[in-house]
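Trainee: Okay, here's the structure, questions in a sec.
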Amino acid sequence: MTNSIIQVKDLIGTVCAIIVKNEAKFENLQFLTDSSDEFQLGVMKRGPGSPVLKHRHNFVPRSISRTSEFLIIRTGTASIIIWSHKNEYINKYNLTEGDCILLIDGYHEIEFNSECQILEIKQGPYYAKLDKSYEA
């Protein structure tokens with residue numbers, strides 16, 4: 001990973017988050033997650049003459065045990081604080097317009113440094129009372 005793609009790991013090496021800064025540059029198609037992960041994050045650079053051919057995604061039953069979320073900072077700035085699943089502090093990351101983060105494991109908190117618009121994507125269905133645990 002480069003300085004503009006940050007893999008956030010806890011003390012035992014579990015990937016808790018992947019940050020893609022707005023200035024990140026890509027070549028071709030590259031996946032930043034492992035093919036066995038419950039949420040897939042890939043980046044693609046394409047141009048004229050290299051289309052994605054017409055396709056659809058087939059219905060394939062899957063078992064998902066946790067909710068991951070993908071945040072895109074559309075406007076403003078925010079800080080994301082990451083802790084391990086054992087609530088051990090990892091780091092604080094400042095995100096600005098165009099940056100994005102995939103939150104995979106552990107705890108996270110968001111501080112808004114300015115007025116923000118954030119696009120949030122996560123797999124469903126979402127069960128509000130079951131999908132979150134708050135830790136002081």
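The values are calculated or read from the model by the stated rules, or taken from the named source; none is laboratory data. Everything quoted here is computed from the prediction, not taken from an experiment. Reconstructed Cβ throughout: ideal geometry from the backbone, glycine too, with neighbour counts over all protein chains shown.
Trainee: Please enumerate the residues belonging to the range 10-25 that are more than 18 Å from E69 (Cβ to Cβ) and surrounded by fewer than 16 Cβ atoms within 10 Å (Cβ to Cβ).
Mentor: L11, I12, G13, N22, E23, K25
Trainee: Scanning the range 1-40 for residues that are touching a strand residue (DSSP E or B) at 6+ places or on another chain (Cβ under 6 Å) and small (G, A, S), which turns out modelled with the highest pLDDT? Walk me through how you get there before you give the answer.
Mentor: Our first condition is that a residue be touching a strand residue (DSSP E or B) at 6+ places or on another chain (Cβ under 6 Å); within the range 1-40, this holds for 1, 5-10, 15-20, 24, 26, 29-32.
Within this subset, residues satisfying the condition of being small (G, A, S) are 17, 24.
On the way: A17: 97, A24: 89.
Among residues in the range 1-40 that are touching a strand residue (DSSP E or B) at 6+ places or on another chain (Cβ under 6 Å) and small (G, A, S), the one modelled with the highest pLDDT is A17.
Trainee: Still on this structure: For S65, only one of the following conditions fails: (1) loosely packed, with under 10 Cβ neighbours inside 10 Å; (2) more than 30 Å from E111 (Cβ to Cβ). What is its number?
Mentor: For S65, the failing item is (2).
Trainee: I would also like to ask the following. Quick test of your reading of the structure: F31 fulfils all but one of (1) under 18 Å from K9 (Cα atoms); (2) touching a residue at least 60 places away in the same chain (Cβ under 8 Å). Name the failing condition by number.
Mentor: (2)
Trainee: Next question, about the same structure. Take residues that are in contact with a Leu (Cβ under 6 Å, 6 or more places away or on another chain), closer than 24 Å to A128 by Cα and not β-branched (V, I, T) and tell me which of the strands (runs of 3 or more DSSP E) falling wholly in the range 1-102 contain 1 or more. Show your work before the answer.
Mentor: Values: elements: 5-9, 15-20, 29-31, 42-44, 69-75, 78-83, 89-95.
Output list reads 15-20, 69-75, 78-83.
Trainee: Given the criterion touching a residue at least 60 places away in the same chain (Cβ under 8 Å), in contact with an Asp or Glu (Cβ under 8 Å, 6 or more places away or on another chain) and not hydroxyl-bearing (S, T, Y), identify the matching residue among E38, E69, E88. Spell out the reasoning first.
Mentor: Details: E38 fails: in contact with an Asp or Glu (Cβ under 8 Å, 6 or more places away or on another chain); E69 fails: touching a residue at least 60 places away in the same chain (Cβ under 8 Å).
Among E38, E69, E88, only E88 is touching a residue at least 60 places away in the same chain (Cβ under 8 Å), in contact with an Asp or Glu (Cβ under 8 Å, 6 or more places away or on another chain) and not hydroxyl-bearing (S, T, Y).
Trainee: So which of I81, I101, I121, I73 ends up being more than 19 Å from I5 (Cβ to Cβ), among the β-branched types (V, I, T) and surrounded by 11 or more Cβ atoms within 10 Å (Cβ to Cβ)?
Mentor: Values: I101 fails: more than 19 Å from I5 (Cβ to Cβ); I121 fails: more than 19 Å from I5 (Cβ to Cβ); I73 fails: more than 19 Å from I5 (Cβ to Cβ).
Exactly one residue qualifies, and that residue is I81.
Trainee: Another one. Could you count how many residues in the range 103-112 are under 15 Å from the mean Cα position of the chain (by Cα) and either small (G, A, S) or assigned to a strand (DSSP E or B) (or both)? If you could, list the steps in order and put the result at the bottom.
Mentor: Taking the range 103-112 and keeping what is under 15 Å from the mean Cα position of the chain (by Cα), we get 103-110.
Checking the rest, the ones that are also either small (G, A, S) or assigned to a strand (DSSP E or B) (or both) come to 103, 106-110.
Matching residues across the range 103-112 total 6.
Trainee: Taking the stated definitions as given, is E97 under 12 Å from the mean Cα position of the chain (by Cα), farther than 11 Å from R66 by Cα and at pLDDT 95 or above?
Mentor: no
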